[in-house]
Amino acid sequence: EAGVVQSPRYKIIEKKQPVAFWCNPISGHNTLYWYRQNLGQGPELLIRYENEEAVDDSQLPKDRFSAERLKGVDSTLKIQPAELGDSAVYLCASSAGLAASTDTQYFGPGTRLTVL
Amino acid sequence: AQSVTQLDSQVPVFEEAPVELRCNYSSSVSVYLFWYVQYPNQGLQLLLKYLSGSTLVKGINGFEAEFNKSQTSFHLRKPSVHISDTAEYFCAVSTPYPNTGNQFYFGTGTSLTVIP
């Protein structure tokens, strides 16, 4: 069974440029998560989808970040414009059920973003 | 709100020695507890989780953790470590109540290095 796929794995951009990350969750998984992991820190949840609905986006900086999950499968996270402080690893995870509190999350390898 | 504290950022240990990685949490409501491991250049994967029942939880790769409600702790242990256990370990807490907003918190991680 294929795991969570993310692309690109690495991205280097200049500040004020836009950037997008793509995630393909495990087939059949209803819930999809986007996390940001700063260096030396644990993952921080940005947004959680149940099917195509964003049910928790309280930590998403909505002035510059946006996300979508069309048809409840793949998802894209966008930053526009990027700032120096956005340099981090962006992780995507998925889980099978809709009980986000207890479900096992399966993580992709992440996208390492460097903003110059 | 919930929070997770991992008291040790780095833990070096000799091969075949026992290890304990400490995790404390704070929460005003009931919680579920998780340990995830991140091997170099890989995504996070679940080691074990405590949802209810027996306070001693056994996970993959010979790891176990004990939930201690009075101490608000969920320490991870392994009686004999291997070189392959070298990785970053994250403790996480979630709450069963969907109306509390961001309901999944990771600690800052503990880097375990097994010395030959």
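What the table shows:
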{"read-out": "Positive-end residue, the protein assembly as shown charge dipole about Cα centroid, Cβ charges, pick of B:Asn61, B:Tyr32, A:Ser27", "value": "A:Ser27"}
{"read-out": "For the range B:1-50, the spread of Cα positions along each principal axis, largest first, Å", "value": "39, 22, 18"}
{"read-out": "Value of relative contact order over chain B, rounded to a whole percent, pairs C-alpha under 8 Å and six or more apart", "value": "37"}
{"read-out": "Normalised contact order of the range B:1-65, rounded percent, pairs of Cα under 8 Å and 6 or more residues apart", "value": "23"}
{"read-out": "Whole-Å semi-axes of the range B:3-115's equivalent ellipsoid (Cα gyration tensor)", "value": "24, 15, 12"}
{"read-out": "Residues of chain B: accessible area per residue with a 1.4 Å probe, Å²", "value": "47"}
{"read-out": "Whole-percent carbon and sulfur share, accessible surface of the range B:3-115, 1.4 Å", "value": "50"}
{"read-out": "Cα pair distances in the protein assembly as shown, grouped into 5 Å bins until the bin that holds the longest one, percent each", "value": "1, 7, 14, 18, 19, 17, 12, 7, 4, 1, 0"}
{"read-out": "Residues of the range A:29-70: accessible area per residue with a 1.4 Å probe, Å²", "value": "45"}
{"read-out": "Pairs of lysines in the protein assembly as shown (C-alpha under 21 Å apart; 8 or more residues apart or interchain)", "value": "12"}
{"read-out": "Chains B and A together, accessible area buried on both sides, 1.4 angstrom probe, square angstrom", "value": "1600"}
{"read-out": "Neighbouring partner chain Cβ atoms per residue of B:49-58, average, 10 Å criterion", "value": "1"}
{"read-out": "Top positive-direction residue, dipole computed over the range B:3-115 with Cβ charges, set B:Ser94, B:Gln45, B:Leu21", "value": "B:Ser94"}
{"read-out": "Carbon and sulfur %, accessible surface of chain A computed with the full protein complex present, 1.4 Å", "value": "49"}
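The values are calculated or read from the model by the stated rules, or taken from the named source; none is laboratory data. All values reported here derive from a predicted model rather than from experimental measurement. Reconstructed Cβ throughout: ideal geometry from the backbone, glycine too, with neighbour counts over all protein chains shown. These area figures cover heavy atoms from the full protein model, side chains too; ligands, DNA and RNA do not enter into them. Shrake-Rupley method; radii C 1.70, N 1.55, O 1.52, S 1.80 Å.
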